[in-house]
Amino acid sequence: MSQDHRNTICVEDADILQHTVYSDGQYLLRLAAPGCVARARPGSFVHIQCSQDIPMRRPLSIMRANVAEGWIEVLYKVMGPGLQRLTTVTPGASISILGPIGNGFEADANRKTAVLIGGGVGIPPLIFLAEHIHTGGWTETRSVAFFGSELAFPFDLNNSAVPLPGVPTTASQAISLLDEKGVPSRLATTAGFTGCYNGYVTELTEQWLKTLSADELEQIMIYSCGPEPMLEAVAKLAGSFNLPSQLCLEEYMACAVGGCAGCAIEVQTPEGPAMKRVCVDGPVFTGDTIFPG
């Protein structure tokens, strides 16, 4: 993948426009960041300074980006003192952000159906991708989204008005901001939420894939983000249907600009195994390079 994105990173003092709390320690933060939003792409992230007295920034995926209004949104779940401190910021204040960072998802001209599989706080970059596709960012591509969570979904939900043949009728709930755009989405959980498929999101996706014809499968590229066990299951699912995949990794990191190599992972290349940095070489990698076989 190209690394031209390294020349697009900027530092901004972003004004806080909205800060919404959801259940189970989940928060949605809208930031005025015109420099960042102008360059943001689905799969890229920002490195946020949670507090002036906490020097270590936190990487958060960009969930939505509105170029016309100059804002981005990030969704986060409280994990550790840094993000706990971030919960205290209020509209009118500002925080320092570094971004956008990273290689994002890429279109495939030969595969016009983007199947999005997200888990937990891995859902945000796929919301971004779905909206990007819907607004014509990828010509002639359509998206279908499957999301899973063991916590209450931090979105407005509704019984979907967008049909998705092949999905169990018990999976009726959808994310409203996608449904109103005509983007089909369905939800899965093992927590027993009403209107959600009872099981893992990969199981729900598999049931749908099994209903497709060979020609329909030839059009699919899988895009995914979530915890590592889920991504491994996604890679295995893609392999079982002989489908290509792009995986957006979640990884702890210090500098986020490639200097510290603290987020390095092993990736399979034509020359053999190599260490790649999730921040600048990723966070998006092809599935077979991360989970070969």
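At a glance:
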| item | result |
| --- | --- |
| So A68, is it more than 18 Å from P124 (Cα to Cα), outside any strand (DSSP E or B), modelled with pLDDT of 95 or more and of a type outside the set (D, E, K, R) | yes |
| Meets criteria (of a type outside the set (F, W, Y) and closer than 23 Å to D281 by Cβ) for V11 | yes |
| Residues being part of a strand (DSSP E or B) and either surrounded by fewer than 21 Cβ atoms within 10 Å (Cβ to Cβ) or of a type outside the set (V, I, T) (or both) - total across the range 33-65 | 11 |
| Qualifying residue in the range 81-92 (condition: in a strand (DSSP E or B) and either within 20 Å of the chain's Cα centre (by Cα) or β-branched (V, I, T) (or both)) | no |
| Residue that is surrounded by the most Cβ atoms within 10 Å (Cβ to Cβ) [pool: residues in the range 118-132 that are farther than 15 Å from A40 by Cβ and of a type in the set (V, I, T)] | I123 |
| Pairs with Cβ under 9 Å, 6+ apart, first in the range 203-216 and outside the structural domain of I117 (by TED's automatic domain parsing) and polar (S, T, N, Q), second surrounded by fewer than 12 Cβ atoms within 10 Å (Cβ to Cβ) and modelled with pLDDT of 95 or more | none |
| Filter pass, A214 being out of contact with any Gly (no Cβ under 7 Å at 6 or more places or on another chain) and not aromatic (F, W, Y) | yes |
| Qualifying residue in the range 4-27 (condition: within 27 Å of H134 (Cα to Cα), among the charged types (D, E, K, R), out of contact with any His (no Cβ under 6 Å at 6 or more places or on another chain) and in a strand (DSSP E or B)) | no |
| Test: residue in the range 15-25 that is exposed (fewer than 14 other Cβ atoms within 10 Å of the Cβ), touching a residue at least 24 places away in the same chain (Cβ under 8 Å) and of a type in the set (S, T, Y) | yes |
| Filtered residues of the range 66-81 (kept if closer than 20 Å to I54 by Cβ and surrounded by fewer than 18 Cβ atoms within 10 Å (Cβ to Cβ)) | K77, V78, M79, G80, P81 |
| Residues that are in a loop (DSSP other than H, G, I, E, B), of a type outside the set (A, V, I, L, M) and loosely packed, with under 15 Cβ neighbours inside 10 Å, drawn from the range 93-116 | N110 |
| Within the range 185-202, tally of residues that are touching a residue at least 12 places away in the same chain (Cβ under 8 Å), surrounded by fewer than 21 Cβ atoms within 10 Å (Cβ to Cβ) and either of a type outside the set (V, I, T) or under 24 Å from T139 (Cβ atoms) (or both) | 5 |
| Residue within the range 258-281 that is modelled with pLDDT under 90 and within 22 Å of P42 (Cβ to Cβ) present | yes |
| Residues of the range 90-148 classified as out of contact with any helix residue (DSSP H, G or I) (no Cβ under 9 Å at 6 or more places or on another chain), among the hydroxyl-bearing types (S, T, Y) and modelled with pLDDT of 95 or more, total | 3 |
| Residues (closer than 14 Å to G70 by Cα and either among the charged types (D, E, K, R) or not assigned by TED's automatic domain parsing to the domain that holds V67 (or both)) located in the range 18-40 | R30, R39 |
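Here's the yes/no breakdown for (1) under 19 Å from G122 (Cα atoms); (2) of a type outside the set (G, A, S); (3) outside any strand (DSSP E or B):
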| site | (1), (2), (3) |
| --- | --- |
| Y223 | yes, yes, no |
| A238 | yes, no, yes |
| G258 | no, no, yes |
| M275 | no, yes, no |
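A quick yes/no check of all residues on (1) crowded, with 21+ Cβ neighbours inside 10 Å; (2) under 12 Å from G119 (Cα atoms):
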| position | (1), (2) |
| --- | --- |
| P227 | no, yes |
| S240 | no, no |
| C248 | yes, yes |
| Y252 | no, no |
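The values are calculated or read from the model by the stated rules, or taken from the named source; none is laboratory data. Given the structure is predicted, the values throughout are model-derived calculations rather than measurements. Every residue, glycine among them, receives a Cβ derived from its backbone with ideal geometry; neighbour counts consider all protein chains shown.
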